[in-house]
Amino acid sequence: MAKYITTTLSITSNAYTATTNPGPVSSPLAISVTDLLDVTAVESKVVDMLTTTHELIWDASEYFTTNADFGVDGGFLYFRNLLSENTTPDTLHDIIIGNADEDLDAVDEANRIFTLQPGEFAWMPWDMTMDIYCDPQETNAGALETILFVRTTTT
Amino acid sequence: MGVIKPSLTLTANASTASSNAGPLSVALSLSATDSLAVTKVQSKILDVFGAHASGDSGGILWDASDYTASGEAGTDGAFVYIKNITAAGSGRNIMIGAATLENLSGNGEADRLFTLQPQEFAFFPWDCTVDLNFDANGDTTNALESWVFVRTGTA
């Protein structure tokens, strides 16, 4: 039996002339999309950040048995940096997400996919062709929430 | 500088629901919102091709060098929205990759970040440390919509 999740993303902004929270363009923006996704397994975790260790968050080999085929094998990943910004803003509460077991914070590091600043989130499919790691900047408990929804067709 | 407000919701019914049953025994309702300071905004709708590196864009979705000279973690980067806008059931899968411009459809292809099936979308930060590329399993016009919102502070 199929099992479904519904995802909805909206991105809005005011016009740049607005008196509060002006947007980046002359007109207001309102992007809204929704999708119904067929999934099987769900796995959720809240990850502590260990400043001296790159941590394996998602191991691709745990979820398929044959090949990581495009459009067949994979899942959907949700990430959120649960930390708050320090009183004086800095990068210590940033969480770096990448695809290699190494320091990911160097300038132009090619294996760094993105950086989540405090409160930021991401939603993306994952084809399980690579493992997903994080590289903390400081020790913090309960710092990163991430949820994996495995595509139903994954074998 | 401008402000955009992204919002993501993930919902699912309990597995016992009579329609659109979810993957867990309990209903799921997750919501995340944020307020992001950005400067430049760009959007495009692209044709996709079975032969990668075809067409006007040459398979490059976003070129990192267009936005920063040095991809520094927590400082330089952007937020990327990508949607496969081909009709549901079209069978047109679009692969998104990082690093070199290449065929992204191979089994276990390590440079393939993810595959967007028709109507699927993603929203994630991008540190501009690598270009984002695309490939597809066939030719379709007006198939891939993408927006990039450049972080304030990117140099």
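Numerical summary
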{"quantity": "Among B:G138, B:G77, B:G59: highest mean-square fluctuation, GNM of chain B, C-alpha pairs under 10 Å", "calculated": "B:G138"}
{"quantity": "Charge dipole magnitude, Cβ of K and R +1, D and E -1 - the protein assembly as shown, Cα centre, debye nearest 20", "calculated": "1380"}
{"quantity": "B:S15 paired with B:I60, simple spin-label distance in nm, labels 7 Å along Cα-to-beta-carbon", "calculated": "4.8"}
{"quantity": "Inter-site label distance for B:S25 and B:S43 at 7 Å from Cα along Cβ, in nm", "calculated": "4.4"}
{"quantity": "Distance violations [Cα-Cα > 27 Å] among A:K45/B:K40; A:K3/B:K44; B:K40/B:K83; A:K45/B:K5", "calculated": "A:K45/B:K40; A:K3/B:K44"}
{"quantity": "Using a Förster distance of 25 Å, the FRET efficiency for A:E62-A:E102 (Cβ separation, nearest 0.05)", "calculated": "0.75"}
{"quantity": "Relative contact order (%) - criterion: Cα under 8 Å, at least six apart; region: region B:36-151", "calculated": "47"}
{"quantity": "Rough spin-label spacing in nm, given labels placed 7 Å along Cα→Cβ, for A:S32 and B:S90", "calculated": "2.3"}
{"quantity": "Top of A:D59, A:D73, A:D94 by mean-square fluctuation, Gaussian network on chain A, Cα under 10 Å", "calculated": "A:D59"}
{"quantity": "Residues B:D56, A:D48 arranged by fewest to most Cβ contacts within 10 Å", "calculated": "B:D56, A:D48"}
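A short reminder: the numbers here are calculations on the coordinates, not readings from a lab. All values derive from a computational prediction rather than experimental measurement. Cβ coordinates were reconstructed from backbone atoms using ideal geometry, including for glycine residues, and neighbour counts include every protein chain displayed.
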